[in-house]
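Take a look at the structure set out below.
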Number of protein chains: 2
Amino acid sequence: MPVIIGALRESAPRETRVSLVPEVAEKLAQSGARVLLERGAGASAQFPDAAYRGVEWADSAAAVLEQSQVVLAVQPLSLEHIQALKPGAVVVGFLQPYARREEVKALKERRITSFAMELVPRISRAQSMDALSSQAAIAGYKAVLIAANHLPKFLPMLTTAAGTIRPAQVLVIGAGVAGLQAIATARRLGAVVEAYDVRGATREQVKSLGAKFVETGVSAEGAGGYARELTEEEKRKQQEVLDSRIAAADAVVTTASVPGRPAPKIIPRAAVERMRPGSVIVDIAAEQGGNCELTRAGEVVTHQGVKVVGAVGLAGELAYNASEMYARNLLNFLKPAIQKGELAIDWSDEVFAQACLTHAGEIKHEPTRKAIEG
Amino acid sequence: MPVIIGALRESAPRETRVSLVPEVAEKLAQSGARVLLERGAGASAQFPDAAYRGVEWADSAAAVLEQSQVVLAVQPLSLEHIQALKPGAVVVGFLQPYARREEVKALKERRITSFAMELVPRISRAQSMDALSSQAAIAGYKAVLIAANHLPKFLPMLTTAAGTIRPAQVLVIGAGVAGLQAIATARRLGAVVEAYDVRGATREQVKSLGAKFVETGVSAEGAGGYARELTEEEKRKQQEVLDSRIAAADAVVTTASVPGRPAPKIIPRAAVERMRPGSVIVDIAAEQGGNCELTRAGEVVTHQGVKVVGAVGLAGELAYNASEMYARNLLNFLKPAIQKGELAIDWSDEVFAQACLTHAGEIKHEPTRKAIEG
């Protein structure tokens, strides 16, 4: 029996992405699976139903859920959708294990096998499945566009008959995937770019993109490619240097986050107050509480002439490409588990083992289990 | 007696620019003039009062107008402000001779000497005074940022572990100053760019910026660097080719205008309907009626999934740099008329002669005089 792989029209507010784009749906169908989509699933990502080939359609989420052995999603399934899943179903998506406890419990209780794309190990072989990275790259690009659009200045230098316009100064804080893409985009637009990361190992990547690395004399390499938290003394030293670079910047893009924890506060109110009026901060970490003390998620706060943009859902604003990349990540993740059109998960594969959130009535991800079950 | 040069806080709705920035105010003061600013004049352009050196301040527009021999402005002075001008005053600004008949009449009746920056001749020597060009360059840059921000796609090509994202296709219509800056900006951002202008002479400029020139087999070189209007047959031929390039584009930026006339309609509804959903048109000519049939000035119209942005006041969205460039244009225009701090206009200079809108109780600009007085 060929596996039925279903995808819903996302129902979370403001979510514009879709988990299956035509290119990937077609590949899954060609691999022998049956692909079942809720009508209009891709519409908000600019993939009309007519763009999908070789798939089947259902008129409601319920109809998709009652037939699908595998359900692909962008956002965590709602409690209602979890109740409607077929017994033994497999769910793959951003399941937000740290934030969505009720949903994790429901997945466990219904004995659903769920894989959280956030938990895919950051090993070389799994790079093509790294959805956090693909979506972060989009967020980094978009953050610079937002900054450029708020700024009352050109990013590039401009030479005209009436003299020269100086290029804008952009500071990027956090040189992960989002930060590096922000640097690259600001450089493309001709800005003078500085970047900072507590992980000194990012220095060469920053420089290779044509940006200057802000040296604070503090390093905080952590496990798994993320930064560890700093000591108070380290923070103070870092802050002194950073504050002066923030004050010099026309636009600041902040991207620092630690998984499962509130975002580190890097830009205090006092630093904002040293910035020139008209300057802009775009805070990609707004959903995790923000890197700036003044950030309010989903809002633009103006403080003494400085705009602080609490950016949320940035990847969704480039829904077409974000969906394209996310769907490819899902395909690369799922492909080894589909043999001749049938589902066969190899639990000895560390990618499946580590990405697994719930299975057979258990929470398999240890930090989530501890947080929920103690 | 040193000439008093005054600048107001602009009062037109949504106008954020200022006619005098600190750098230029200081140069005028150094040349021996007295510079008088209305308090807060530069605030919305991010030039706080404290940034100006060597100037004097007045608490109201009335106080500036009653003392100033020369008044610098961005937008046309209001009728009320014209009435408050000192006898014999000189006004320099964008005076919109074609649109603001009542104001032109009032300037004439009050025997004000007014210079419209729109009328500065497009000769090589006057390039540094060409405010239409300096503001158009800003509009072209901003239009691409707006397009990029509305688009659900990346502009640049992106190569990731999960495969490649294709670059966006941008079509720029009209290769004047705004169009060329739009091309340059879209190229900076990594888009694949095509451009079209009825004036075939722009072909090499377009190509030198890394864009492809759309060949329609129609040319319409006109006088003064602007395009002439096309015949019906030429229009049809142009339209066929253009429509297919519009349909292929993710983003279209239109910049075609003819001074004193409604903007040519280049993108009919049918062409919009051939575009992919999620595509964007940014119409810089919206204030002149728009290049697209669906454009509504100041609004974003969504038609069958295509966004049509009726862009207005684009230069004002980059108020800092726009003011900087405009103020330099004014300085370059005014400089020859200030001798040892006193005003002395050389009427034999074709720049002053041609830029003059009203003087000594007459409308000096012939097309405006005809339109108003017949």
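The values are calculated or read from the model by the stated rules, or taken from the named source; none is laboratory data. From a predicted model like this one, the values you see are computed outputs, not experimental measurements. Positions of Cβ are generated from backbone atoms using ideal geometry, with glycine treated the same way; all protein chains shown enter the neighbour counts. Only protein heavy atoms, including side chains, enter the accessible area calculation; ligands, DNA and RNA are left aside. Shrake-Rupley method; radii C 1.70, N 1.55, O 1.52, S 1.80 Å.
Hey, among A:I246, A:I338, A:I281, which residue is within 30 Å of A:V120 (Cβ to Cβ) and either open to solvent by 30 Å² or more (accessible area, probe 1.4 Å) or in contact with a strand residue (DSSP E or B) (Cβ under 9 Å, 6 or more places away or on another chain) (or both)? On inspection, the qualifying residue turns out to be A:I338. For the range B:249-262, a residue qualifies if it is open to solvent by less than 40 Å² (accessible area, probe 1.4 Å) and of a type outside the set (A, V, I, L, M), and the qualifying residues are B:D250, B:T254, B:T255. Residues considered: A:E23, A:E15. Of these, the only one that is over 20 Å from A:V90 (Cβ atoms), touching a residue at least 40 places away in the same chain (Cβ under 8 Å) and in a helix (DSSP H, G or I) is A:E23. Of all the criteria given as (1) buried (at least 23 other Cβ atoms within 10 Å of the Cβ); (2) touching a Lys or Arg at 6+ places or on another chain (Cβ under 8 Å); (3) over 28 Å from B:A106 (Cβ atoms); (4) away from chain A (no Cβ under 14 Å), the one not satisfied by B:V301 is (1). Can you find even one residue in the range B:260-280 that is within 14 Å of another protein chain (Cβ to nearest Cβ) and within 26 Å of the chain's Cα centre (by Cα)? Checked against the condition, which is being within 14 Å of another protein chain (Cβ to nearest Cβ) and within 26 Å of the chain's Cα centre (by Cα), the range B:260-280 yields at least one hit.
Mind listing whichever residues of the range A:118-177 are aromatic (F, W, Y) and more than 30 Å from B:A131 (Cβ to Cβ)? If the condition is that a residue be aromatic (F, W, Y) and more than 30 Å from B:A131 (Cβ to Cβ), then A:Y141 is the only one that fits. Only one entry of A:V300, A:V280, A:V308 meets the criterion of being more than 26 Å from A:E103 (Cβ to Cβ) and touching a Ser or Thr at 6+ places or on another chain (Cβ under 9 Å), and that entry is A:V308.
Residues in the range B:160-188 that are in contact with a strand residue (DSSP E or B) (Cβ under 8 Å, 6 or more places away or on another chain) and within 16 Å of A:T185 (Cα to Cα): B:I165, B:P167, B:A168, B:A186, B:R187.
Restricting attention to the range A:147-164 and to residues that are farther than 14 Å from A:A311 by Cβ, within 10 Å of chain B (Cβ to nearest Cβ) and in contact with a Lys or Arg (Cβ under 8 Å, 6 or more places away or on another chain), the residue that is surrounded by the most Cβ atoms within 10 Å (Cβ to Cβ) turns out to be A:A162. Criterion applied to B:V253, B:V312, B:V218, B:V282 was being assigned to a loop (DSSP other than H, G, I, E, B) and within 20 Å of B:L132 (Cα to Cα), and the one residue passing it is B:V312.
I'd like the full set of residues that are part of a helix (DSSP H, G or I), at the interface with chain B (Cβ under 10 Å from one of its Cβ atoms) and of a type in the set (A, V, I, L, M, F, W, C), limited to the range A:165-191. Selection gives A:V177, A:A184. For A:A148, the criteria (1) at pLDDT below 95; (2) under 28 Å from B:A161 (Cα atoms) hold in every case but one, which is (1). The helices (runs of 4 or more DSSP H) located wholly in the range B:59-146 that include 2 or more residues which are among the acidic types (D, E) and surrounded by fewer than 22 Cβ atoms within 10 Å (Cβ to Cβ) occupy B:101-109.
Would you mind stating whether A:V241 is open to solvent by less than 60 Å² (accessible area, probe 1.4 Å), within 14 Å of chain B (Cβ to nearest Cβ) and among the aliphatic types (A, V, I, L, M)? So A:V241 does not fit the description; no. Within the range B:341-361, work out how many residues are open to solvent by less than 40 Å² (accessible area, probe 1.4 Å) and at positive phi. Selection size over the range B:341-361: 2.
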